[in-house]
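Colleague: Can you keep this structure in mind? I'll have questions shortly.
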Amino acid sequence: MTTPVPSSTAGKTLGVVALILAFIASPIGFILGLVAKSQSKKAGLKNGPATAAIVLGLIGTIVIVIAISAGIAGASALLSQCADLGPGVHENGGVTITCG
């Protein structure tokens with residue numbers, strides 16, 4: 001019985017796809033990078049693009065989470081301020097706030 005010979009490209013194509021997606025859709029690039037790295041590791045190969053996708057995808061995902069959190073905090077502060085001021089246009093410290 002012969003053992004299958006590992007492919008020299010195991011996970012490499014997926015690693016390149018993950019790297020591209022790490023710039024476009026960071027969380028997806030991160031996950032695919034992990035999968036590609038796992039495939040290459042099983043075959044005993046190194047996969048630079050997958051490693052780069054993991055790093056860039058993780059950084060991009062963290063930036064996205066921070067941006068969403070900041071947006072929610074800003075919207076919450078504005079809604080709170082409008083609840084206190086009531087509807088209309090208000091001047092507060094040189095900043096014009098319009099509440100619906």
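The values are calculated or read from the model by the stated rules, or taken from the named source; none is laboratory data. What you are looking at is a predicted structure, and each value in this text was computed from that prediction instead of being measured. Note: ideal-geometry Cβ built from the backbone for every residue, glycine included; neighbour counts use all protein chains shown.
Colleague: What number of residues within segment 34-59 satisfy the criterion of being at pLDDT 95 or above and on the phi > 0 side of the Ramachandran plot?
Modeller: Qualifying residue count for the region: 0.
Colleague: Would you say GLN81 is in a helix (DSSP H, G or I), in contact with a strand residue (DSSP E or B) (Cβ under 7 Å, 6 or more places away or on another chain), surrounded by 11 or more Cβ atoms within 10 Å (Cβ to Cβ) and free of Cβ contacts under 8 Å to residues at least 60 places away in the same chain?
Modeller: Numbers: in a helix (DSSP H, G or I): yes; in contact with a strand residue (DSSP E or B) (Cβ under 7 Å, 6 or more places away or on another chain): yes; surrounded by 11 or more Cβ atoms within 10 Å (Cβ to Cβ): yes; free of Cβ contacts under 8 Å to residues at least 60 places away in the same chain: yes.
So GLN81 passes the test.
Colleague: Listed residues ILE72, ILE54; which is surrounded by fewer than 18 Cβ atoms within 10 Å (Cβ to Cβ) and assigned to a helix (DSSP H, G or I)?
Modeller: Working: ILE54 fails: surrounded by fewer than 18 Cβ atoms within 10 Å (Cβ to Cβ).
Answer to the selection: ILE72.
Colleague: Can VAL65 be described as modelled with pLDDT of 95 or more, within 30 Å of ILE97 (Cβ to Cβ), β-branched (Val, Ile, Thr) and in a helix (DSSP H, G or I)?
Modeller: yes
Colleague: Of (1) aliphatic (A, V, I, L, M); (2) assigned to a helix (DSSP H, G or I); (3) over 12 Å from the mean Cα position of the chain (by Cα), ILE31 satisfies all except one. Which?
Modeller: (3)
Colleague: Of the conditions (1) within 30 Å of ALA10 (Cβ to Cβ); (2) surrounded by 10 or more Cβ atoms within 10 Å (Cβ to Cβ); (3) not charged (D, E, K, R), VAL63 satisfies every one except a single condition; which number is it?
Modeller: Going through (1) within 30 Å of ALA10 (Cβ to Cβ); (2) surrounded by 10 or more Cβ atoms within 10 Å (Cβ to Cβ); (3) not charged (D, E, K, R) one by one, VAL63 breaks only (1).
Colleague: Another question about this same structure. State the number of residues belonging to segment 78-100 that are at pLDDT 90 or above and either in contact with a Phe, Trp or Tyr (Cβ under 7 Å, 6 or more places away or on another chain) or closer than 30 Å to SER26 by Cα (or both).
Modeller: Adding up the residues that qualify gives 0.
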